[in-house]
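Structure first, commentary second.
The values are calculated or read from the model by the stated rules, or taken from the named source; none is laboratory data. Being a predicted model, the structure only gives us computed values, none of them experimental. As a convention, Cβ positions derive from the backbone with ideal geometry for all residues, glycine included, and neighbour counts pool all protein chains shown.
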Amino acid sequence: MGRKSKVMGGSAALGRQQANPWQELFNQVLTLGAAVGLSLATPAQLLAQDSGPDRPVQAALADPVLTGSKGHYRATMVVPVTQARAWAVLTNYEAMAGLMPDIKQAKVLNRHGSQLELAQTYQAPSTFGLPIRVVLAVEEKAPRWMRYRLLRGERILSLQGQWSLTRVRGGVLVDHQIALEPDLPAFLRPTYDDLNESNLRQSMAVLRRLMLAR
């Protein structure tokens, strides 16, 4: 998806109808205080990552680690649980609403085998307090990987990503890659990136706690 993709949800129309559609966001930034090129792994590459329970892993990954910038991120951590446990938590989509820091609502609209459509509403500091509604196309390969892409949404130009769960010595390596380009004016991007990075770190920490909960 490139910058020339049409924005779903009518954000372009809003821009024509309002003299300054981002003034409200700018005011919220004051009080609360790009182009993306992610090369996502193919399903075959994700499957190849699973080399069995004896695969070594660095101890530093026991805590969530975030790398990347400007909408292109990779978050990793090792959780001392089974692959089946990690998968069950990761794909319990509707239960994530209210538990993850940015997901306020979630509903599986339909499912056909390993393919599903998932509606989510995001609301967090990274959305400047505004509810952002999206519908994602999700593809699953239990219990190893799950990929998603934006079908339609508000204030988002492009969104795609993937989760992979790889058995390692002592647990499961949880790997999340995401490419997100918001529909924002340039002057808000630095603030948005800082807030989004914080949200990604918090989300991984919450996911870890959910996987460890019994």
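Any residue at all in segment 195-213 that is crowded, with 20+ Cβ neighbours inside 10 Å, of a type in the set (Val, Ile, Thr) and either more than 16 Å from Val79 (Cβ to Cβ) or modelled with pLDDT of 95 or more (or both)?
No, the conditions are met nowhere in segment 195-213.
Restricting to segment 178-206, give me the number of residues that are in a helix (DSSP H, G or I) and within 12 Å of the chain's Cα centre (by Cα).
Qualifying residue count, segment 178-206: 8.
Restrict the check to segment 127-148 and report whether at least one residue is buried (at least 20 other Cβ atoms within 10 Å of the Cβ) and at positive phi.
So far as segment 127-148 goes, yes, one or more of its residues are buried (at least 20 other Cβ atoms within 10 Å of the Cβ) and at positive phi.
Name the residues in segment 141-156 that are assigned to a loop (DSSP other than H, G, I, E, B) and either within 14 Å of the chain's Cα centre (by Cα) or closer than 19 Å to His176 by Cα (or both), would you?
Ala142, Pro143, Arg144
Of these, Ala106, Ala95, which one is among the hydrophobic types (A, V, I, L, M, F, W, C) and touching an Asp or Glu at 6+ places or on another chain (Cβ under 7 Å)?
Exactly one of Ala106, Ala95 is among the hydrophobic types (A, V, I, L, M, F, W, C) and touching an Asp or Glu at 6+ places or on another chain (Cβ under 7 Å), namely Ala106.
Can you find a residue in segment 157-177 that is at pLDDT below 95, part of a loop (DSSP other than H, G, I, E, B) and surrounded by fewer than 21 Cβ atoms within 10 Å (Cβ to Cβ)?
yes
Considering only residues that are under 12 Å from the mean Cα position of the chain (by Cα) and among the hydrophobic types (A, V, I, L, M, F, W, C), look in segment 157-177 and name the one that is nearest to Val65 (Cα to Cα).
Trp163
Working only within segment 70-128, note down all residues that are part of a helix (DSSP H, G or I) and over 18 Å from Gln202 (Cα atoms).
Gln83, Ala84, Arg85, Trp87, Ala88, Glu94
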